[in-house]
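A.B. asks: Starting off with a structure, shown below.
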Amino acid sequence: MPELSTGLNRHHLHPDVWTVRAGSYSFLVSKRASAAVVGLGLLLFVSACLSVAVGSGETTGFTAVKALFGEGTQVQTQIVQVLRLPRFAAGAAAGAALGVAGCLIQTLARNRLATPDIIGVNDGAVAGVLLVAIASSAAAIGAWWAGPAGAAVAAAIVVAAAGSMGTTGYRVLVVGIGVAVMLDSLVQLTLARQDLDAARSLYTWSLGYLNGRDYSSALPVAIGLAVLLPVALAVARRLNLSRLGEEVPTTLGVPLNRVRFAALIVAVGLAGLGVGVGGPIAFIALAAPIIASRLAGPRGVPLLVSALSGAALVTLCDTLGRVVGAAEVPVGVLTSLLGGPFLLWVLLTRKV
């Protein structure tokens, strides 16, 4: 059992928390959140197995598992190692980024509905990626940096119009919905002016689509998570104090405005990177943090649990979309179908 830090009596601790000590440093660990991380990690492993083993054709089940280790025909090996496994990696990275971004923005606005896809941040990322793709005359999605750039522009417009990001959650939500509608109209107008072949491929991506995504697509998101997630974890504890109102963090000397700004930068960056890989995969940024809070409990900001929830949701839905019908269903379409009832459940059963 972890050693309790000096001066703390275990009878004074919350029953869900233990204190871990490493040298002169000590920190609290939630037992419930730790169990959620382990459980979701196992679920993500199961999702990886399903993503590799499930699909059309004969490369399924144990045949696919053997092909993963190089046993099988060249076609089978390519299907598993070049198509399915990199696609899983891209989906997991995108889902984790969207989950963390949604958790941060929900905490900032103190509103469960204030997520990147609802307040226009994801639409800004989509507009940025599509405009760069069209301007390059390549009609292909590859400019990953355009996602965070477009998301940053959209977030700046929303925050400037709303006046702030922490004390006016419903104002942020209303302004964000308006910005999202305008950006979506811009995207539709841009697609309508393209030739049929280019518009078809770009439109399919704009629904949320992981087909053709590879390791090079996932790499920018993985690097973004490696850099930005520790920053998010560092500000999460102070950001959590904002749930108690403005007076408590101010009294404790917490620079709340700087903490909010750092959290917003991280959220916008991760949302833009996630969209840059798989398009605006709907409702992941909304559902993952809510599921995470249910699993991890009300203590703290469940960033790691949100990341794992988002990764598992995206990869499971992507695998289901490959086998649910005669033709492949884009993951964004499937998450939208599942997200509608989920949103109604949130609205009818909880305060937002």
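The values are calculated or read from the model by the stated rules, or taken from the named source; none is laboratory data. These numbers were taken from a predicted model, which means no experiment stands behind them. When we count neighbours, we look across all protein chains shown, and the Cβ atoms used for this are built from the backbone with ideal geometry, even at glycine.
A.B. asks: Restricting to region 166-203, and then to whatever is surrounded by fewer than 19 Cβ atoms within 10 Å (Cβ to Cβ) and of a type in the set (Gly, Ala, Ser), can you tell me which residue is modelled with the lowest pLDDT?
C.D. replies: That would be ALA198.
A.B. asks: Is there a residue in region 92-104 that is touching a helix residue (DSSP H, G or I) at 6+ places or on another chain (Cβ under 9 Å), at pLDDT 90 or above and more than 22 Å from LEU228 (Cα to Cα)?
C.D. replies: Scanning region 92-104 turns up no residue that is touching a helix residue (DSSP H, G or I) at 6+ places or on another chain (Cβ under 9 Å), at pLDDT 90 or above and more than 22 Å from LEU228 (Cα to Cα).
A.B. asks: For residues that are in contact (Cβ under 8 Å) with a residue 24 or more places away in the chain and touching a helix residue (DSSP H, G or I) at 6+ places or on another chain (Cβ under 6 Å), tally how many sit in region 318-345.
C.D. replies: 6
A.B. asks: Report whether or not GLY128 is crowded, with 24+ Cβ neighbours inside 10 Å, of a type in the set (Gly, Ala, Ser) and farther than 21 Å from ALA287 by Cβ.
C.D. replies: Considered against the rule, which asks whether it is crowded, with 24+ Cβ neighbours inside 10 Å, of a type in the set (Gly, Ala, Ser) and farther than 21 Å from ALA287 by Cβ, GLY128 comes out as yes.
A.B. asks: Considering only residues that are in contact with a helix residue (DSSP H, G or I) (Cβ under 9 Å, 6 or more places away or on another chain), surrounded by fewer than 20 Cβ atoms within 10 Å (Cβ to Cβ) and without any contact (Cβ under 8 Å) to a residue 60 or more places away in the chain, which ones fall in region 45-58?
C.D. replies: Matches in region 45-58: VAL46, CYS49, ALA53, GLY57, GLU58.
A.B. asks: Could you tell me whether region 151-165 includes any residue that is free of Cβ contacts under 8 Å to residues at least 12 places away in the same chain, within 30 Å of VAL259 (Cα to Cα) and of a type in the set (Ser, Thr, Tyr)?
C.D. replies: The answer is yes, given that some residue of region 151-165 is free of Cβ contacts under 8 Å to residues at least 12 places away in the same chain, within 30 Å of VAL259 (Cα to Cα) and of a type in the set (Ser, Thr, Tyr).
A.B. asks: Could you tell me how many of the residues in region 71-90 are in a loop (DSSP other than H, G, I, E, B), surrounded by 18 or more Cβ atoms within 10 Å (Cβ to Cβ) and either among the acidic types (Asp, Glu) or touching a residue at least 24 places away in the same chain (Cβ under 8 Å) (or both)?
C.D. replies: 0
A.B. asks: Report, by residue number, each residue of region 59-70 that is surrounded by 12 or more Cβ atoms within 10 Å (Cβ to Cβ) and either assigned to a loop (DSSP other than H, G, I, E, B) or hydroxyl-bearing (Ser, Thr, Tyr) (or both).
C.D. replies: THR59, THR60, THR63
A.B. asks: Something else about it: Which residues, counting only those in region 295-337, are at pLDDT below 90, part of a helix (DSSP H, G or I) and among the charged types (D, E, K, R)?
C.D. replies: ARG322
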